[in-house]
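What follows is one structure encoded as structure tokens, with my remarks underneath.
The values are calculated or read from the model by the stated rules, or taken from the named source; none is laboratory data. Nothing here was measured: the structure is a model prediction, and the numbers come from that model. Backbone-built Cβ (ideal geometry, glycine too); neighbour counts: all protein chains shown. We work out accessible area using only protein heavy atoms, side chains counted, and drop any ligands, DNA or RNA first. Shrake-Rupley method; radii C 1.70, N 1.55, O 1.52, S 1.80 Å.
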Amino acid sequence: MQENQTPNAPAKPRPRVIKKYPNRRLYDTDTSTYITLSEVKSLVMANEQLVVRDAKTGDDLTRSILLQIILEEEAGGAPMFTEAVLANIIRFYGHAMQGSMGASLEKNVQMFSDFQARMVEQGATPEMWNQFVRMQPSLMQGMVGNYLGQSQTMLTQMQEQMQKQTEQMLEAMGLKR
């Protein structure tokens, strides 16, 4: 049994280790083969847990590789993000709300993924989804409205939390409003 594992807890699968060599090649230690960035994307799409490590230093390069995959997808013809969205994301770097923005984006993407998974569980294929969206605008608006409502609630909670923290900080500094 591992140190941080309780007796009744299921064992967490260990992530698949991909090594990145100085020549920019990626080596899958599970299959003992070199793989491409496209194959790493396939692993991600298959919900495979993975970590990319620098072969020489052992540094974790997973985020860098995932960002590289996103960059290639964005350049590939059907981008997900508009220039305005990308510019707004950049503006949050170094801003006091950077951490909150990341957490908010993560929660929103997770909610959308959960929504998509529920649709798939109910047998919706991409073709059926497209037909449904075209045929049922009011129902679709309701479902998207629910999603947006959850997002708005999360944003409101985040703003309230930040306001409380600001007030506490000002109070601690002896500056009351």
| Out of (1) outside any helix (DSSP H, G or I); (2) free of Cβ contacts under 8 Å to residues at least 12 places away in the same chain, the odd one out for Asn88 is which? | (1)
| said: Contact list please: Cβ distance under 8 Å, first residue in segment 92-113 and open to solvent by less than 90 Å² (accessible area, probe 1.4 Å), second residue not acidic (Asp, Glu) and not in a helix (DSSP H, G or I), pairs at least six apart or on different chains. | reply: Met101/His95
| Do we have any residue at all in segment 71-84 that's farther than 22 Å from Val40 by Cβ and assigned to a helix (DSSP H, G or I)? | yes
| query | So which residues in segment 43-67 are under 29 Å from Ser113 (Cα atoms) and either in a loop (DSSP other than H, G, I, E, B) or open to solvent by 70 Å² or more (accessible area, probe 1.4 Å) (or both)? | reply | Met45, Ala46, Asn47, Glu48, Gln49, Arg53, Asp60, Leu61, Arg63, Leu67
